[in-house]
Amino acid sequence: MPEQKTAKIFDLQGTSKGNVTLPNVFSTPLRPDVIKRAVLHIQSSRLQPQGRDPMAGKRTTAESRGTGSATARVPRIKGGSGRAAFAPSTVKGRQPHPPKAEKKILKNIPKKEAKLALFSAIAATARKETVASRGHAIDKVVDIPLIVDDAIEGITKAKEVEEILTSLGVNEDITRVRNSRKVRAGKGKHRGRKMKQAVGPLIVVVDGKGLINAASNVPGVQVTTVANLNTEMLAPGTHPGRLTLWTCGSIEELNKLYGKGASA
């Protein structure tokens, strides 16, 4: 059995108020390879299959006129115009290799491997060097892993959320996110994703409906429940070690769900 770890609990003013024993899941070895596969599985499951009508560009009576007329042998519509049709690279012609709806775009992963990836991503949030290597500003964060009193779930205003994050030393990471916001460099700016910004801290709660609405107005901050927690939230872009704030209740819920830790 791995040695159980303990962590400090902080109130909303950033003052230590005791310790908590972390679930065994926090002792899971770091597996970036498995985490990457799990994140790609989640991302690919959101993709919508697309394809072309098999008859697109083929609904024409165009036929090739053969040789002897000093013109290309592409199919041409009947009549005096002699306009080419049907063939690829012709106006309103078919595509040479169109996308097919039956293409396999889902990158599957075994259930045990997905579970190991989630456990490993959870454990990575408790490793200071992993969180720092991901680019988060954690010099003033009171502790890693960051565990806060359940009272934070009752917060309903964005201003109060920012004050609490400042008292916990997370405000530097919020500033980093604000400064990273910029216009995307490519064509994506014309396709509903004009702005691009860094990923900020994640807050894991048991319920916290009011907090979810309040934190949505703080740049880069995301709130989720333990029940909805997944590998992509903990390792955006397949990179583990997201700066994560856990409530005491979420730690207890983790212990109920994954108390035995990873079996692989």
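The values are calculated or read from the model by the stated rules, or taken from the named source; none is laboratory data. Computed from a predicted structure; not experimentally measured. Neighbour counts are summed over all protein chains in view; Cβ atoms, including those assigned to glycine, are modelled from backbone coordinates with ideal geometry.
Laid out as a table, the results:
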quantity	calculated
Test: residue in the stretch 2-22 that is surrounded by 11 or more Cβ atoms within 10 Å (Cβ to Cβ), in contact with an Asp or Glu (Cβ under 8 Å, 6 or more places away or on another chain) and either over 30 Å from Leu254 (Cα atoms) or among the β-branched types (Val, Ile, Thr) (or both)	yes
Test: residue in the stretch 34-41 that is at pLDDT 95 or above, over 23 Å from Ser133 (Cα atoms) and in a helix (DSSP H, G or I)	yes
Flag if Ser89 is at positive phi and part of a loop (DSSP other than H, G, I, E, B)	yes
Qualifying positions in the stretch 138-196 - under 25 Å from the mean Cα position of the chain (by Cα) and of a type in the set (Gly, Ala, Ser)	Ala158, Gly169, Ser180, Ala185, Gly186, Gly188, Gly192
Where Asp150 falls short, out of the listed (1) among the acidic types (Asp, Glu); (2) touching a helix residue (DSSP H, G or I) at 6+ places or on another chain (Cβ under 9 Å); (3) at pLDDT 95 or above	(3)
Unmet requirement for Val218, which otherwise passes all of (1) within 20 Å of Phe10 (Cβ to Cβ); (2) in a loop (DSSP other than H, G, I, E, B); (3) under 16 Å from the mean Cα position of the chain (by Cα)	(3)
Pairs with Cβ under 7 Å, 6+ apart, first in the stretch 47-73 and charged (D, E, K, R), second loosely packed, with under 10 Cβ neighbours inside 10 Å and not in a strand (DSSP E or B)	Arg73/Gly66; Arg73/Thr67
Residue that is nearest to His239 (Cα to Cα) [pool: residues in the stretch 23-56 that are surrounded by 11 or more Cβ atoms within 10 Å (Cβ to Cβ) and of a type in the set (Lys, Arg)]	Lys36
Some residue of the stretch 77-87 being surrounded by fewer than 16 Cβ atoms within 10 Å (Cβ to Cβ) and touching a strand residue (DSSP E or B) at 6+ places or on another chain (Cβ under 7 Å)	yes
For Lys78: the one exception among (1) within 30 Å of Glu153 (Cβ to Cβ); (2) of a type outside the set (Asp, Glu); (3) modelled with pLDDT under 95	(1)
Hits in the stretch 248-260 - residues which are of a type outside the set (A, V, I, L, M, F, W, C), over 12 Å from Leu202 (Cβ atoms) and either buried (at least 24 other Cβ atoms within 10 Å of the Cβ) or out of contact with any Phe, Trp or Tyr (no Cβ under 9 Å at 6 or more places or on another chain) (or both)	Gly249, Glu252, Glu253, Asn255, Lys256, Gly259, Lys260
Whichever residue in the stretch 185-221 is of a type in the set (A, V, I, L, M) and free of Cβ contacts under 8 Å to residues at least 40 places away in the same chain and, among such residues, is nearest to Leu234 (Cα to Cα)	Ile212
Single residue of the stretch 231-264 satisfying the filter (in contact with a helix residue (DSSP H, G or I) (Cβ under 6 Å, 6 or more places away or on another chain) and part of a loop (DSSP other than H, G, I, E, B)) that is modelled with the lowest pLDDT	Ala264
